[in-house]
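Below you'll find the structure, written out as C-alpha cells, and then a few comments.
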Amino acid sequence: MKYFVCFLASIIFIISCTGNDEKVRSDSKLDYYFEEVYNNDLSKNQKLEYLDSAKTIVNLMSDTDSLKIKNVFKVANRYYALLDYDNYLKQSKRVMSLCELQKDSLGIAKAEYYIGDYYFFTSKNDSAYYYYLKAEKKYDKLSDKYNQAKTMLHIAYVLLYEKDFLGSEAQTIKVLKIANSIQEQVLIYECYDNLGRALAGQKNYDKSLEYYFKALQQIGKMGKDVNSPLYETQILNNIGHVYLSQNLFDKALVFYKKALANKKIKELHPALYASVLDYYAYAHFKLHRKDALGDFKEALKIRDSVNDVAGKIKSRIHLAEYYLEGKDSLEAMKLNQKAYDLAKVSHYNKEVLTTLDFFTRIDPDNGLKYAKEYITLSDSLQDQERNTRNKLARIEYETDEIIVEKDKISSQKEKIMYGSLIIAFFGVMLFIIFYQRNKQKQLLLVQEQQQANEEIYQLMLEQQSKLDNVRSFEKKRIARELHDGVMNKLASTRLNLFILNKKTDSETIQKCLTHINEIQNIEKEVRGISHELSNESLFHNQNNFNAILEELCEEQETIYGTKCLREIDQNILWDTVSASIKMNLYRIIQEAMNNCNKYAKAKTLFIKVSLLGNQLTLMIKDDGVGFNVNKVKKGIGLNNIKERASNIGGQFKIFSEIGTGTTLLIKINLAASHE
C-alpha cells in the first residue's frame, strides 16, 4: 500500500512542480539553469550541476528579497524531482527560515508542507503528519482553501499508509467537500483516487471501484491536461489491483491491458509503466498463461534501470512465485532472497512478510524458523501500527493544544491592547477638555484685549479730536492775524509807496523810507507766523488716522535714526474704516518698527498704505540684514502681526532673504469687514 501511495504522490508532486514554474526567459541564466534540470536529454549529474549553479545565484540574493524565497522553493522542487531528498530537506528548512525572517505566513506554511513531504517519502510518517498538520492549520487561518485541502489530502495519505483506512476515508471526504466548493478539478480527481484506495483497504471493493470509475470520469472534466494519460493509466492500474485482490484475474487483465495501450507511458513514466506491466504479467500467470515470464523480466529490467526500490522488490516476489509454481525452487529461492534483503534494508515490512511466507513454501525444512520470524515481525508491525496511530492522534491533540494556547495568548494580548486603547482614548479626551478650556480662556483674554484696544483707540481719537480743535482754532486765529494785521499793513504800505510813481523828489523819498522799514517789520511778522505753521503743514488736508501714522514715523526717525519713508493713499476715507482695523494696522506698523529696530539693522524703512477697490494694502519694507523664513522660527512679534491681520480678516505674507531685507504684506477686504 505504501508503494502505491508514494507512487501517486510522487507523480502529482512532480507534475505540480513542473506546471507551476514561470516561463523560461532566454536572457536569464537562473531561469535557464532551472529549465535544464527538467531536460530529459541530460544525465542526473548534469542536471545536478545546473541546479547547483542556480542555487549559487539564489544564495547571492538578499535574505530580505521576496524573490529569494520564490527561487529557494524552486531549488527545493528540483532536488525533489531528482530524488535528492537530503538536499530537498535542507532547502525546505532554509526557505522556512527566510519566511520566518520576512514574517511570511503563507511561505512558512508552504515550507512546512515541503518538509512534511520529505518525511512522508522517507517513511517517517509521524514527523510528516506533524508538519502537514502545522501547515494545514496555517492555511486554514489564511483562508487558503486550495492549499489547505491539498495538505489535508496528504494527511489522508499518511493515515492510509499507517492502515488507518477509516481515518483516511473521513479526511479525504473533508477534502472532497472543499475541492467541490472551489471547483478544483484535479483535487477532486485525487480525492476519488484516494477514496478508492482507502475503501480497498477496508475490503469494500464495490465502493472502491465506484470511486475509481468516478476518477476516470473526472479526468475528462480536467480539460486539456498533458498529464491526463498518466492519471488515466494510474487509475486503470488501481482498478486492476482491486480485481486482482478479489482473484478476478480476467477482469484485472482487461484494465491492465487498457493501461498499457498508451505507448507514451513508458517514456513519460517508466516506473508506472513497469508497475502496470508487472501486474499484467501476474494476472497472466494466475490465469496459467505461458507468456507471463517475458513481461515479468522486462518489468524487472525497467525497475532496476530506474532504481525503483519498491518495484524491484515486487517484481522479484512475483518472479519467485512464478518459479515456485514452475517447481524451480533454486531460482525462486534466489529471487525471494534478493527481495527479502532489499525489503529489510529499505524497511518495506509488508514485503518482508510476503518473502518470509514464500520461504516457508520454498524451503519447508526451515519453515519453522521463517514462521517464527514472520509471527514476530507481524506482531511487531501490528504494535507499531497501533502505536503510530496513537502517536498521530497525540500529535493532533498536542498541536490543537498549542494552537489553543496561542489563541489564548493572542486573546490576552488583544485585551491588553484594547485596554491600552481605552486608557489612551480617555487620556486624549481629558487632554482635549483641558485644551479647550485653556483655549477658551485665551479667547476671552484676546476679546478683552481687543475691547481694551478699542477703548484706547477711542481715547486716542478723542485726544486727536481735541488737538484738531485747538489746531483749527489756532489756524483761524492766525488767518485773522494775517488778514487783519499783515494784509492791512501791506495794503497801507503799498498805498503809501504808490506815490513814488508820481513824485521822486528827495522829500517824498525820505517820507517813503519809513514805509520801507515797515516792510521789514511785516517780513518779521510773516516769518513768525510761518514758524508757527511749520509744524502743521505735514498734516494739511489729512484726517486723524493719517496724523497718527505721521507722528509714529516721526518718532521712529527722531528716536532711532532710521529714515522712514511713507506713502499713504489720499483717497482712503479713514472715517469709513472701522476702529478695529485702524487700531490693528497701527499696532502692526508699531510692531514692525520694533522688529526693525531690534534685528534688521536697517537704514531705511518704507511704509505704503494703498486702496484698490475694496482692498486695503499695507506694505512695510526695510533694507536690513534679512533672514531665512524657512529656517528661522517665527517669534512673538511676527506671531502678533499674523494674529492681528487674521483678527481683521486680512492676509499676511512675509518675504525675506539674507542680505536683501524684509517685506511684510497685509491685504484687507474692507467690504468683507463691513458685513
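Remark: C-alpha extents of the stretch 15-165 on the principal axes read 48, 34, 23 Å, sorted largest to smallest. For the stretch 158-304, the fraction of alpha-carbon pairs lying more than 29 Å apart is 19 percent, rounded to a whole number. Size of the stretch 567-621 from its Cα atoms: along the principal axes, largest to smallest, the extents are 36, 20, 14 Å.
Here is the list for the stretch 173-263: trypsin sites (Lys or Arg not before Pro) lying in DSSP coil, each with at most 12 other C-beta atoms within 10 angstrom of its C-beta, are Lys203, Lys224, Lys263. First compute the accessible area of the stretch 193-326 with a 1.4 Å probe, then give the percent of it belonging to carbon and sulfur atoms. Ligands and nucleic acids excluded, carbon and sulfur reach 50 percent. The stretch between Ile636 and Gln615 holds 4.9 nm of extra length on full extension. This uses 0.36 nm per residue minus the Cα-Cα distance.
Anything over 21 Å Cα to Cα? Flag those among Lys258/Lys327; Lys598/Lys631; Lys598/Lys642; Lys150/Lys174, in the order listed. Violating the 21 Å Cα-Cα cut-off are Lys258/Lys327. The phi torsions of the stretch 158-163, fed into the Karplus equation with coefficients 6.51, -1.76 and 1.60 and a -60° offset, translate into couplings of 4, 4, 5, 5, 7, 6 Hz, rounded to whole numbers, with Gly and Pro shown as x.
Summing +1 for each Lys or Arg and -1 for each Asp or Glu among the other residues whose beta-carbon sits under 14 angstrom from that of Glu454 gives 0.
Accessible surface area normalised per residue over the stretch 229-274 is 45 Å², counting heavy atoms of protein chains with a 1.4 Å rolling probe. Given their separation in residues at 0.36 nm each and the Cα-Cα distance between them, Thr64 and Ser228 gain 55.1 nm when the chain is fully extended. Dividing the mean sequence gap of close Cα pairs (under 8 Å, 6+ apart) by how many residues the stretch 318-371 holds gives a relative contact order of 27 percent. Applying a threshold of 31 Å to the alpha-carbon distances of Lys47/Lys138; Lys138/Lys207; Lys110/Lys163; Lys264/Lys314; Lys74/Lys163; Lys441/Lys653 flags Lys47/Lys138; Lys138/Lys207; Lys74/Lys163 as lying beyond it.
Across all directions, the average projected area of the convex hull around the alpha carbons of the stretch 180-261 is 5.3 nm². Note on Asn669 and Ala424: with the Förster distance fixed at 35 Å, the Cβ-Cβ geometry gives a FRET efficiency of about 0.20. Maximal additional length on extending the Glu414-Glu210 stretch stands at 68.4 nm, based on 0.36 nm per residue less the C-alpha distance. Taking Rh as the Kirkwood radius, which is the inverse of the mean 1/r over Cα pairs, what is the Rg/Rh value for the stretch 161-203? Taking Rh as the inverse mean 1/r over Cα pairs, Rg/Rh reads 1.00. A Förster radius of 22 Å, combined with the Cβ-Cβ distance separating Thr360 from Gln202, puts the computed FRET efficiency at roughly 0.20.
Net charge of the neighbourhood of Gly661, taken over other residues with C-beta under 12 Å away and scored Lys/Arg +1, Asp/Glu -1, is 0.
The values are calculated or read from the model by the stated rules, or taken from the named source; none is laboratory data. Since the structure is predicted, the reported quantities are computational estimates derived from the model, not experimental observations. FYI the Cβ positions are ideal-geometry reconstructions off the backbone, even for glycines, and counts take in every protein chain you see. Please note that ligands, DNA and RNA were not included when accessible areas were found on the heavy atoms of the full protein model with its side chains. Shrake-Rupley method; radii C 1.70, N 1.55, O 1.52, S 1.80 Å.
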